[in-house]
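See structure below.
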Amino acid sequence: MKLLEKVNKTIRKYSMLSEGDIVLIGLSGGTDSVCLTIILDKLRDNFNLSLYAVYINHGLRPDENVQEISSCRSLCDRLGIRFIPKSINLEEYVRENNLNLQEAARDMRYKMFDKMCEELKVTKLALGHHADDQAETVLMRLIRGSGRRGMSGIPPVRGNIIRPLIDIKREEIEAYLADVNEPFLTDSSNLKEDYFRNWLRQNIMPEIKKQNPSFVDSVVKSAEIFRDEDAYLEVIVTKTLMRLITRKTDNSIELFLVPLENIEKPILRRIMRRVLSEIGVDRGIDLGHVDDILRLIKENQSGDMLNLPKGLRVVKKYSTLLLTTEELSSGFTPCAFEVPGKVTLEEAGIVINAEVSETSQDGCDGKMTAVLDYDRLVFPLYIRMREDGDYFYPAGFGMRKKLQDFFVDCKVPHDERDSVPIIVSGEDIVWIAGYRMDARFTPKDDTRKFLNLSILRDETS
């Protein structure tokens, strides 16, 4: 089968292109991207495509960059494709984000791709990854340790990114370019063996191919099987996760704990991977870290916490598991409480409102609202966090209780206890806001004046 037909088959197999697509090609001047550009030009009329090509200059090889830009521009001029060279400040990005050169280069490339796609209203970003890249990626992940998802390799399609050459071997690409007499350039950095992929490509892959000439084809087929199985398992993960999430923000996800504890490890690993991806920390968290999270779920005690890379904190609470990159609450600033009046606790995101009346507030539950005997109180009241040795007389309990024991009985998570407002009169606790009043200060038959307290949401937070 001719290469053009083979690529066209891959495109249709994975539904990579649609009629009228605006396609941005990542063009470097190397074999794969040059071949990709020529192939897409030949298929342009079949799909009524609009084509652009972008060259990203990382600024690391000034002499080669000039030659590459010239070569890419010449190719695009011949084919009638608009060529756009772009430069990025890679060294500054490495310093600012504490990444190695390869990670930083990848990040910045994709950021630039995203920017170009938005500016040009691009519908598809075409990249030149081929079958040998696929085999190298799978082998790298196998050596470093990976699960089924990692072994599925480079996805042929991911969002608007397409890889039409993913089923084509490097030798086929080079043979095609020789047939059409198309020149290409070699990136000198690809020859440096201090990069793991380059070392693998130059030393290991040739030896494997000697033993098994069909190695690349076999890996490509295996990766496809892994992708199909991975997609099926991801459907299960999606359905399961929908039942587990109790709270979600851009940087945090909280999951019901009891169902989590009963999920088998293979699915639980995938759920954790999905959650990490949702809050933006999937890169940099390896299999060992995921297994640490699983042990926290299955074995550790409530209140235990993991501090992981990328600022990730995982907290096991009484009934939930919190995964977050946000700073955990460390309480609030103690303050005097003028009555009547309001106090805003910005850190807790609430307002405590106080009103004085000669009648008791209806519907008092002792949690979000409290009614106290005004004449038994010492003013001003104070709002503070818990302190060592705190105790009070919980309404309805009838005897003194340590605040620590009360929190344990109420299953207040460790990381939330410093965020619970404690209302005090003199040295005495009168209300654990959100939980219970003190029986000594609740209204009696002879109460004539009432202090009505309520917790409101701070709409400005």
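Please give the contour-minus-distance gain from Asn100 to Lys210: 0.36 nm per residue of separation, less the Cα-Cα distance, rounded to one decimal in nm.
Gain in length upon complete extension: 36.3 nm.
Give, rounded to the nearest 20 debye, the magnitude of the charge dipole that the range 3-216 has about its Cα centre when Lys and Arg contribute +1 at Cβ and Asp and Glu contribute -1 at Cβ.
So the dipole magnitude of the range 3-216 works out to roughly 740 debye.
How big is D, in µm² s⁻¹, for the range 249-324 by Stokes-Einstein at 20 °C and 1.002 mPa s if Rh is the Kirkwood radius over C-alpha pairs?
Taking Rh from Cα pairs, D becomes 176 µm²/s.
Mind checking the full-extension length gain between Ser277 and Met385? Use 0.36 nm per residue of separation minus the Cα-Cα distance, one decimal, nm.
Roughly 35.4 nm would be gained on extension.
What stretch of the chain, leaving out the sites themselves, is the longest with no trypsin sites (Lys or Arg not before Pro) in a DSSP loop having at most 16 other Cβ atoms within 10 Å?
Segment 3-120 is the longest.
Just from its helices, what would the mean residue ellipticity at 222 nm be for the chain, if runs of 4 or more DSSP H residues each count -39500 (n - 2.57) and the sum is divided by every residue, rounded to the nearest 500 deg cm²/dmol?
The helix-only estimate for the chain comes to -12000 deg cm²/dmol at 222 nm.
Could you tell me which of Leu177, Ile154, Tyr195 has its Cα farthest along the dipole of the range 102-197 towards the positive end, charges placed at Cβ (Lys, Arg +1; Asp, Glu -1), taken about the Cα centre?
Of the options given, the answer is Ile154.
If you average the sequence gap of Cα pairs under 8 Å that are 6 or more apart and divide by the length of the range 335-457, what percent do you get for the contact order?
39 percent
Would you mind ranking Ile204, Ile69, Ile271 by Cβ crowding within 10 Å, fewest neighbours first?
Fewest-to-most Cβ neighbours within 10 Å comes out as Ile204, Ile69, Ile271.
Return the loop-located GluC sites (Glu not before Pro) in the range 255-289 (DSSP other than H, G, I, E, B) with at most 15 other Cβ atoms within 10 Å of their own Cβ; answer none if there are none.
Glu264
Can you compute the FRET efficiency between Gln67 and Asp45 using 1/(1 + (r/R0)^6), with r the Cβ-Cβ distance and R0 = 30 Å? Round to the nearest 0.05.
0.45
Would you work out the relative contact order for the chain, in percent, from Cα pairs under 8 angstrom that are 6 or more residues apart?
11 percent
Could you please report the charge total around Glu355, scoring K, R as +1 and D, E as -1 over all other residues with beta-carbon less than 15 angstrom from its beta-carbon?
That works out to -2.
How high is the FRET efficiency from Tyr318 to Lys121, r the C-beta distance, R0 41 Å, rounded to 0.05?
Computed FRET efficiency for Tyr318 and Lys121 comes out at 0.25.
So if the hydrodynamic radius of the range 3-216 is defined as the Kirkwood radius over C-alpha pairs, what does Stokes-Einstein give as its diffusion coefficient at 37 °C and 0.692 mPa s, in µm² per second?
Taking Rh from Cα pairs, D becomes 181 µm²/s.
State log₁₀ I(q)/I(0) for the range 335-457 at q = 0.22, 0.23 Å⁻¹ as given by the Debye formula over alpha-carbon point scatterers of equal weight, solvent excluded.
The Cα Debye sum returns log10 ratios of -1.43, -1.56.
Net charge within 13 Å of Ala126 by Cβ-Cβ distance, Lys/Arg positive one each and Asp/Glu negative one each, not counting Ala126 itself?
+1
Amide H neighbours of Asn57 under 5 Å, counting only residues 5+ apart in sequence or on other chains, H built in-plane at 1.01 Å?
Lys86, Ser87, Ile88
If you average the sequence gap of Cα pairs under 8 Å that are 6 or more apart and divide by the length of the range 249-324, what percent do you get for the contact order?
That works out to 38 percent.
Between (1) 128; (2) 191; (3) 208, which matches volume of the Cα convex hull per residue in Å³ calculated for the structure shown?
Answer by label: (2).
How charged is the neighbourhood of Asn251? Take every other residue with its Cβ under 13 Å from the Cβ of Asn251, and add Lys/Arg as +1 and Asp/Glu as -1.
Once positives and negatives cancel, what remains is -1.
Read-outs: derived from the displayed coordinates by stated rules, not from any lab. No experiment lies behind these values; they were computed from the predicted model shown. Methodologically, a virtual Cβ is constructed for each residue, glycine included, from the backbone with ideal geometry; neighbour enumeration extends over all protein chains shown.
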